[in-house]
1. In the stretch 28-44, what count of residues is obtained for those that are among the acidic types (Asp, Glu) and over 15 Å from the mean Cα position of the chain (by Cα)?
2. So, in the stretch 21-40, of the ones that are touching a residue at least 24 places away in the same chain (Cβ under 8 Å) and part of a loop (DSSP other than H, G, I, E, B), which residue ends up surrounded by the most Cβ atoms within 10 Å (Cβ to Cβ)?
3. Which of the residues spanning the stretch 44-65 are assigned to a helix (DSSP H, G or I), in contact (Cβ under 8 Å) with a residue 24 or more places away in the chain and out of contact with any Pro (no Cβ under 8 Å at 6 or more places or on another chain)?
4. Hey, any hits in the stretch 150-168 for a residue that's within 22 Å of SER33 (Cα to Cα), part of a helix (DSSP H, G or I), at pLDDT 95 or above and not hydroxyl-bearing (Ser, Thr, Tyr)?
5. If GLY119 satisfies every condition in (1) under 29 Å from VAL6 (Cβ atoms); (2) in a helix (DSSP H, G or I) but one, which is the exception?
6. Which one of these does ASP128 not meet: (1) surrounded by fewer than 15 Cβ atoms within 10 Å (Cβ to Cβ); (2) modelled with pLDDT of 95 or more; (3) assigned to a helix (DSSP H, G or I)?
7. So for the stretch 73-83 (the condition being open to solvent by 30 Å² or more (accessible area, probe 1.4 Å), hydrophobic (A, V, I, L, M, F, W, C) and part of a loop (DSSP other than H, G, I, E, B)), does at least one residue qualify?
Amino acid sequence: MSAPPVALEGVAVTVGTTPILRHVDLTVDAGESIGLFGSNGAGKTTLLRVIATLLKPTAGHGRIFGAALDDEDRYAVRTRIGVVGHTPALHPELTLSENLAFVANVAGIDRARVTEVLGAVGLARAADRPAEACSYGMQRRTEFARLLLTEPDLVLLDEPHTALDVDAVDLVARMVHRTLERGGAAVVVSHDRERVAPITDRGVELKAGEIRS
């Protein structure tokens, strides 16, 4: 049996003397999407960074696709993870097309797909516009185009509906559904339980760095 996309046991993160996460146990199976809820400062974004292998736990054990979070194997699975965070991860001076072409080159993906995915998120006419000249909503759409381009096995979305107009909101659902159909998994951080409910199988509440049932 293959390892689950996410398997955390007793994970804790402390910054200085301040505990951010405490004794987090969380498993996300293949084909599963979970909603991660909690108030500001509950540790949601920190937990997402741990799952993304960007932050090593201070204590506890965790594996992402079987790769231990405290082992160099975690670098090998990063290509299977797609993240949409609060701040779009775009090079501001490059056009939207150039940003995605850079990703395609690194990942060994046919650059011809860049035009396809930009069109899929409604940005075909803005392909040659520098990212810094685009609205925040357009930059968010470009992030989803990147996920369509790379097709990650684990999608981590931090407040994904922020700044998306009505026509673009279905991009979130489409991204999650496409990932699950491929046997992948998704973790969606949100304050809006009702909006996230249709695209998640279950919800997890984070309070003061701990998961509460």
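The values are calculated or read from the model by the stated rules, or taken from the named source; none is laboratory data. Please read these numbers as outputs of a predicted model, since none were measured by experiment. No Cβ is skipped: glycine too gets one built from the backbone with ideal geometry, and neighbour counts run over all protein chains shown. For the accessible areas, the whole protein counts, side chains as well, though only heavy atoms, and no ligand, DNA or RNA atoms are used. Shrake-Rupley method; radii C 1.70, N 1.55, O 1.52, S 1.80 Å.
1. Qualifying residue count, the stretch 28-44: 1.
2. In this case the residue turns out to be GLY38.
3. Correct list: LYS44, THR45, THR46, LEU47, LEU48, ILE51.
4. no
5. (1)
6. Evaluating ASP128 over (1) surrounded by fewer than 15 Cβ atoms within 10 Å (Cβ to Cβ); (2) modelled with pLDDT of 95 or more; (3) assigned to a helix (DSSP H, G or I) leaves (3) as the failure.
7. no
Yes/no matrix, rows are residues, columns are (1) among the hydrophobic types (A, V, I, L, M, F, W, C); (2) modelled with pLDDT under 95:
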residue: VAL11; (1), (2): yes, no
residue: ALA42; (1), (2): yes, yes
residue: THR53; (1), (2): no, no
residue: PHE65; (1), (2): yes, no
